[in-house]
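This report concerns only the one structure given below.
The values are calculated or read from the model by the stated rules, or taken from the named source; none is laboratory data. Remember, it's a predicted structure, so these values are computed and weren't measured experimentally. Cβ atoms come from the backbone with ideal geometry, glycine included; neighbour counts cover every protein chain shown. Ligands, DNA and RNA are stripped out before the accessible areas are found, and what is left, the full protein with its side chains, is counted by its heavy atoms. Shrake-Rupley method; radii C 1.70, N 1.55, O 1.52, S 1.80 Å.
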Amino acid sequence: FKPGQSGNPRGRPPGRSTAQGLRERLAEQAGEVLAVVLDAALSGDLMAARLVLERIVPPLRPQAAPVEVLALAGASTLTEKAGAILAAAGAGEIAPDVAAHLLAALGGVAKISEIDELTRRIEALEAEHGEAT
């Protein structure tokens, strides 16, 4: 193909697409659609009521309460911190799902710490032996 020449000269003609036309038509009639759905919900249609409520009041998401694991303050290594979290879960001080989230977060910290350590070691080696090009 030559630059500036379409590979499909008889392709879709320029202008509005079918989807764009449907969106414009829906936008014009959105108020009427909303009124019909609200009327149906008020007259006892449970599906319409559910639709309205789901759009107006989003469902609540579960949210864990803040927890405090006292043994974490004395833990100095990641292994000790993981042990403190497991001990707190075993003693019933925190819920098992909360312990799982804390352990996952601790695992993320461990990965970040590992990357920092590797970066530090590489930089030290490059400084000692001259940066490779």
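Roughly what angle does helix 18-42 make with the longest principal axis of the chain, taking Cα atoms, 0 to 90 degrees, to the nearest 10?
For 18-42 against the chain, the angle is about 90 degrees.
Using a probe radius of 1.4 Å on heavy atoms only, what accessible surface per residue do you get for the chain? Whole Å² is fine.
Details: 11450 Å² over 133 residues.
Spelled out: the 1.4 Å probe surface of the chain, per residue, equals 86 Å².
Taking 0.36 nm per intervening residue step and subtracting the Cα-Cα distance, what contour gain separates ARG50 from GLU68 on full extension? Mind dumping the intermediate values first?
Numbers: separation 18, 0.36 × 18 = 6.48 nm, distance 3.86 nm.
Going from the current span to full extension adds 2.6 nm.
Report, in deg cm²/dmol and to the nearest 500, the calculated mean residue ellipticity at 222 nm for the chain, where each DSSP H run with n ≥ 4 adds -39500 (n - 2.57) and the sum is divided by the residue count. Before the final figure, lay out each step's value.
Values: 4 runs with 83 residues, N = 133.
When only DSSP H runs of four or more count, the value is -21500 deg cm²/dmol.
For the chain, modelled as a Gaussian network with Cα springs under 10 Å, which listed residue fluctuates most, GLY31, GLY107, GLY15?
GLY15
Return a whole-number percent for the relative contact order of the range 51-120, with Cα pairs under 8 Å and 6 or more residues apart as the contact set. Intermediate values should be presented prior to the final figure.
Values: 27 pairs, mean separation 16.1, N = 70.
That works out to 23 percent.
Over the alpha-carbon set of the chain, divide Rg by the Kirkwood Rh and report the Rg/Rh ratio to two decimals. All intermediate terms of the calculation are to be shown ahead of the outcome.
Values: Rg = 30.1 Å, Rh = 22.7 Å.
My calculation puts Rg/Rh at 1.33.
Stretch LYS111-GLU128 to full length: gain in nm at 0.36 nm per residue minus the Cα-Cα span?
Working: separation 17, 0.36 × 17 = 6.12 nm, distance 2.57 nm.
My answer for the length gained is 3.6 nm.
For the chain, what's the relative contact order in percent, using C-alpha pairs closer than 8 Å and at least 6 residues apart?
Numbers: 42 pairs, mean separation 13.7, N = 133.
10 percent.
DSSP loop (so not H, G, I, E, B), at most 12 other Cβ within 10 Å: list which trypsin sites (Lys or Arg not before Pro) in the range 16-117 pass both filters. Don't skip to the end; give the middle numbers.
Details: sites: ARG16, ARG23, ARG25, ARG50, ARG55, LYS81, LYS111; in loops: ARG16.
In loop regions of the range 16-117 (DSSP not H, G, I, E or B), the sparsely surrounded trypsin sites (Lys or Arg not before Pro) are ARG16.
Please give the helix 46-56 orientation as an angle from the longest Cα principal axis of the chain, in degrees from 0 to 90, rounded to the nearest 10.
60 degrees
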